[in-house]
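Peer 1: Here it is: the structure, laid out below.
The values are calculated or read from the model by the stated rules, or taken from the named source; none is laboratory data. All values derive from a computational prediction rather than experimental measurement. Note: ideal-geometry Cβ built from the backbone for every residue, glycine included; neighbour counts use all protein chains shown.
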Amino acid sequence: MNIKLCERTRDTVVSSYEKYRQPEITRTLPMRDLSLEETLAQFERTSLPDSASCGKTLWANGHYVGDLWIYSINTNETPNAMLSFCIFETEFWGKGIMSQAVALFLPECVTRYSLSSIGAFVYADNLPSVKVLQKNGFVIREELVEDGRVSVYLEKSI
């Protein structure tokens with residue numbers, strides 16, 4: 001499968017807005033309930049020089065299928081960030097696409113922000129996402145319960 005990461009645009013943000021509200025997605029990915037206008041404003045802030053987040057769109061065989069992003073970028077003494085990702089086109093689930101995409105995305109983030117570690121929170125029962133992270137060198141560091149749901153924190157040291 002041909003995997004490609006591209007820049008996020010206002011059009012891709014609009015295109016993905018409703019797709020992220022599918023029940024299959026909301027069960028696996030915790031998200032804030034933002035309006036489209038708030039989502040677009042948040043996207044616009046990522047283009048600012050001091051932005052604490054950035055992302056890429058994920059394309060598989062020429063189809064826009066998901067996104068990857070890092071957030072809470074901290075470039076102080078111990079540079080770190082948090083990773084999140086989602087394939088919103090469910091017919092592309094289980095094909096190894098996200099494992100490949102994360103492997104492409106992380107080196108770019110590490111270089112751009114001189115990161116020494118990257119973390120990720122995932123619902124513990126979202127085994128496909130846990131496996132994506134583990135395949136990319138993340139290790140489970142902590143388990144916690146939030147809003148009655150068990151999550152795990154994984155981290156990768158660079």
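Peer 1: I'd like to check something: does region 77-94 contain any residue that is under 21 Å from Glu7 (Cα atoms) and more than 15 Å from the chain's Cα centre (by Cα)?
Peer 2: Checking region 77-94: at least one residue is under 21 Å from Glu7 (Cα atoms) and more than 15 Å from the chain's Cα centre (by Cα).
Peer 1: Restricting attention to region 53-70, does a residue exist that is at negative phi, among the charged types (D, E, K, R) and at pLDDT below 95?
Peer 2: Within region 53-70, none of the residues are at negative phi, among the charged types (D, E, K, R) and at pLDDT below 95.
Peer 1: What is the residue count in region 133-158 for residues that are over 18 Å from Thr111 (Cα atoms), at pLDDT below 95 and not in a strand (DSSP E or B)?
Peer 2: Counting residues in region 133-158 that are over 18 Å from Thr111 (Cα atoms), at pLDDT below 95 and not in a strand (DSSP E or B) gives 2.
Peer 1: Scan region 64-107 for residues that are of a type in the set (D, E, K, R), touching a residue at least 24 places away in the same chain (Cβ under 8 Å) and surrounded by fewer than 20 Cβ atoms within 10 Å (Cβ to Cβ) and report the count.
Peer 2: So the answer is 2.
Peer 1: Consider Asp11 against the criteria (1) buried (at least 16 other Cβ atoms within 10 Å of the Cβ); (2) over 17 Å from the mean Cα position of the chain (by Cα); (3) not hydrophobic (A, V, I, L, M, F, W, C): it satisfies all of them except one. Which criterion is unmet?
Peer 2: (1) is the only condition that Asp11 fails.
Peer 1: Evaluate region 113-127: report whether one residue or more is of a type in the set (Asp, Glu), surrounded by fewer than 15 Cβ atoms within 10 Å (Cβ to Cβ) and not in a helix (DSSP H, G or I).
Peer 2: First pass over region 113-127, keeping only residues of a type in the set (Asp, Glu): 125.
So of that shortlist, the ones also surrounded by fewer than 15 Cβ atoms within 10 Å (Cβ to Cβ) come out as 125.
Those left that are additionally not in a helix (DSSP H, G or I): 125.
Looking for residues that are of a type in the set (Asp, Glu), surrounded by fewer than 15 Cβ atoms within 10 Å (Cβ to Cβ) and not in a helix (DSSP H, G or I), one finds at least one in region 113-127, hence yes.
Peer 1: Would it be correct to say that Ser99 is modelled with pLDDT under 95 and out of contact with any Gly (no Cβ under 6 Å at 6 or more places or on another chain)?
Peer 2: It is false that Ser99 is modelled with pLDDT under 95 and out of contact with any Gly (no Cβ under 6 Å at 6 or more places or on another chain).
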